[in-house]
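J.: One structure, as structure tokens, below. Some questions next.
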Amino acid sequence: GAGVSQTPSNKVTEKGKYVELRCDPISGHTALYWYRQSLGQGPEFLIYFQGTGAADDSGLPNDRFFAVRPEGSVSTLKIQRTERGDSAVYLCASSLTGPTSGVDTQYFGPGTRLTVL
Amino acid sequence: DQQVKQNSPSLSVQEGRISILNCDYTNSMFDYFLWYKKYPAEGPTFLISISSIKDKNEDGRFTVFLNKSAKHLSLHIVPSQPGDSAVYFCAARKRGGKLIFGQGTELSVKP
């Protein structure tokens with residue numbers, strides 16, 4: 001079946017602009033995660049949704065970052081007043097049940113490369 | 001603080017030999033450890049995991065070893081193949097779901 005998809009694959013914007021990044025999880029997966037990966041580093045956790053609600057948003061760096069998942073499927077990561085330091089690959093992952101039992105493997109999309117000029 | 005560390009940024013191995021990738025962690029509260037493989041321009045792909053109550057898990061050519069007293073885990077790939085060339089990330093899961101990743105090790109398997 002289809003994996004996790006993310007759009008756009010690349011986004012170039014100017015400092016101060018607003019951007020939205022979209023994630024389509026694997027069908028039927030209830031848990032959805034956003035991570036950010038900077039050059040030479042591993043992915044860094046941003047936020048985790050269980051269904052429609054944000055179960056853990058402790059990784060969001062500041063209030064310019066916001067994410068929604070209104071119907072428990074597609075999620076949008078929103079970044080206001082972008083800064084050059086926001087440039088990174090933004091990765092989305094989904095898992096079947098969330099961390100209720102077992103390892104509940106997270107499956108990643110290809111990412112959106114955001115460049116803030 | 002870096003809770004999960006991969007101290008070797010790169011590793012080069014001859015085809016057919018064993019590849020050993022290492023990972024250290026600091027937090028005793030992690031409940032699962034996972035290895036992901038990443039090719040350029042793709043997202044990480046899940047390889048293998050191990051529960052914190054186990055010390056070994058094997059899946060085909062891939063074996064993960066966990067040494068809780070040393071807070072150390074390793075991924076063994078044997079025999080290594082050129083298609084295994086990629087960046088390998090160690091990740092630890094906190095109860096609650098989020099994964100904490102290491103910095104990655106770039107494996108190069110030479111024919």
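J.: Where in region A:35-110 are there strands (runs of 3 or more DSSP E), lying wholly inside it, with at least 2 residues that are open to solvent by less than 20 Å² (accessible area, probe 1.4 Å)?
T.: Qualifying strands (runs of 3 or more DSSP E): A:44-50, A:65-68, A:75-79, A:88-95.
J.: At least 1 residues that are within 27 Å of A:THR112 (Cα to Cα), open to solvent by 60 Å² or more (accessible area, probe 1.4 Å) and within 13 Å of chain A (Cβ to nearest Cβ) in each: list the strands (runs of 3 or more DSSP E) lying fully within region B:1-107 that qualify.
T.: Result: B:10-14, B:45-51.
J.: Given (1) hydroxyl-bearing (Ser, Thr, Tyr); (2) closer than 22 Å to B:ILE100 by Cα; (3) in contact with a Gly (Cβ under 9 Å, 6 or more places away or on another chain), identify the lone condition not met by A:THR82.
T.: That leaves (2) as the condition not met.
The values are calculated or read from the model by the stated rules, or taken from the named source; none is laboratory data. Note that the structure is a prediction, hence the values are computed from the model and not measured. When we count neighbours, we look across all protein chains shown, and the Cβ atoms used for this are built from the backbone with ideal geometry, even at glycine. Accessible surface areas use protein heavy atoms only, side chains included; no ligands, DNA or RNA. Shrake-Rupley method; radii C 1.70, N 1.55, O 1.52, S 1.80 Å.
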